[in-house]
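Before any comments, here is the structure.
Throughout, read-outs are computed from the coordinates displayed, never taken from laboratory work. Since the model is a prediction, treat every value here as computed from it, not as a measurement. We place every Cβ from the backbone using ideal geometry, glycine too, and count neighbours over all the protein chains shown.
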Amino acid sequence: GQNIDQPTEMTATEGAIVQINCTYQTSGFNGLFWYQQHAGEAPTFLSYNVLDGLEEKGRFSSFLSRSKGYSYLLLKELQMKDSASYLCAVIPAAAGNKLTFGGGTRVLVKP
Amino acid sequence: DTEVTQTPKHLVMGMTNKKSLKCEQHMGHRAMYWYKQKAKKPPELMFVYSYEKLSINESVPSRFSPECPNSSLLNLHLHALQPEDSALYLCASSQVRGQGDTEAFFGQGTRLTVV
């Protein structure tokens with residue numbers, strides 16, 4: 001089966017940095033995604049990693065280590081609007097489009 | 001146009017009703033998905049269509065019946081649902097893996113309440 005783990009909740013202060021970890025054990029690996037989801041809204045794409053290393057996109061960066069089955073999403077210069085759930089998702093199989101989500105991490109940004 | 005449009009936005013139905021959820025995209029994506037999301041939980045994959053053919057069914061009960069009439073449309077037919085089926089139903093689309101970026105774009109969802 002697939003196992004994708006993230007912390008349930010994190011709290012951080014406006015302007016700070018928060019790192020959300022994701023570990024996965026899946027049958028095969030073909031990419032890891034991070035999505036942001038505000039309450040009552042659709043998930044929106046943040047980043048995609050398929051090779052090891054760091055991908056930077058403005059205030060958000062995502063890191064992947066395939067050998068360790070580990071990724072993190074780094075949010076810098078936190079803003080109040082960053083309060084949301086952050087979902088790690090993996091395409092596990094060698095074929096197909098089976099995008100499978102972890103439990104999500106609710107981030108609360110405080111003033 | 002990077003939109004996935006879902007209708008209706010809200011739906012209340014009785015356990016004996018038959019209703020359909022609709023999803024449309026015009027990004028040329030040939031993979032389309034249905035997800036179910038309960039409050040404070042992640043989206044849970046239900047079905048995947050690739051090139052208008054059902055490629056993944058995550059052991060979903062037969063009271064949910066998907067249909068992909070063409071490459072832009074995806075339907076989810078509902079019949080004899082239970083109150084525990086109340087949830088947000090999300091449609092998504094992406095390129096088929098190996099044919100380009102596989103980022104999935106999500107619609108705003110249909111909030112379904114079964115009474």
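If you place +1 on the Cβ of every Lys and Arg and -1 on the Cβ of every Asp and Glu, how big does the dipole about the Cα centre of the range B:1-88 come out, in debye to the nearest 20?
240 debye
Let me know the Kirkwood hydrodynamic radius for chain A, please, with Cα pairs as the basis and the value in Å to one decimal.
14.0 Å
Which Cys residues of the protein assembly as shown have no other Cys beta carbon under 4.7 Å away?
Lone cysteines by the Cβ rule: B:Cys68.
With a sphere of radius 15 Å drawn around the Cβ of A:Leu108, what net charge do the other residues whose Cβ falls strictly inside it have (Lys, Arg +1; Asp, Glu -1)?
+1
Can you pull the percent of Cα pairs in the protein assembly as shown with separation above 29 Å?
Tail fraction, whole percent: 27.
To the nearest 20 debye, what is the magnitude of the charge dipole of the protein assembly as shown about its Cα centre, counting +1 on the Cβ of each Lys and Arg and -1 on the Cβ of each Asp and Glu?
440 debye
Quick one: putting +1 on the C-beta of Lys and Arg, -1 on the C-beta of Asp and Glu, what dipole do you get for chain A around its Cα centre, in Debye to the nearest 20?
Around 100 debye, computed over chain A.
For chain B, just the Cα atoms, rotate onto the principal axes and tell me the three extents in Å, largest first.
42, 23, 23
How are the C-alpha pair distances of the range A:23-72 spread across 5 Å bins, as whole percents from the shortest bin up?
Values per bin, smallest distances first: 5, 20, 29, 20, 16, 8, 2, 0.
Filter the trypsin sites (Lys or Arg not before Pro) in the range A:27-111 down to the DSSP loop ones having no more than 11 other Cβ atoms within 10 Å, then list what survives.
Counting only loop positions with at most 11 other Cβ atoms within 10 Å, the trypsin sites (Lys or Arg not before Pro) in the range A:27-111 are A:Lys68.
Over chain A, what is the mean sequence separation of C-alpha contacts under 8 Å (at least six apart), divided by residue count, expressed as relative contact order in percent?
37 percent
Filter the cross-link list B:Lys18/B:Lys40; A:Lys98/B:Lys41; B:Lys18/B:Lys41; A:Lys81/B:Lys36; A:Lys57/B:Lys9 down to pairs whose alpha-carbon distance in this structure exceeds 22 Å.
Going by Cα-Cα distance, B:Lys18/B:Lys40; B:Lys18/B:Lys41; A:Lys81/B:Lys36; A:Lys57/B:Lys9 fall outside the 22 Å limit.
Rounded, prolate or oblate: which one fits the range B:39-78, using the alpha carbon gyration tensor with axes a ≥ b ≥ c (rounded when a/c is under 1.5, else prolate when a/b beats b/c, else oblate)?
Note, shape of the range B:39-78 comes out prolate.
Report for chain B the percent antiparallel among DSSP-assigned beta bridges with both residues inside it, nearest 5.
90 percent
Give the distance, in whole Å, between the Cα centre of the range B:62-109 and the Cα centre of the range A:67-81.
Here the two parts' Cα centres lie 28 Å apart.
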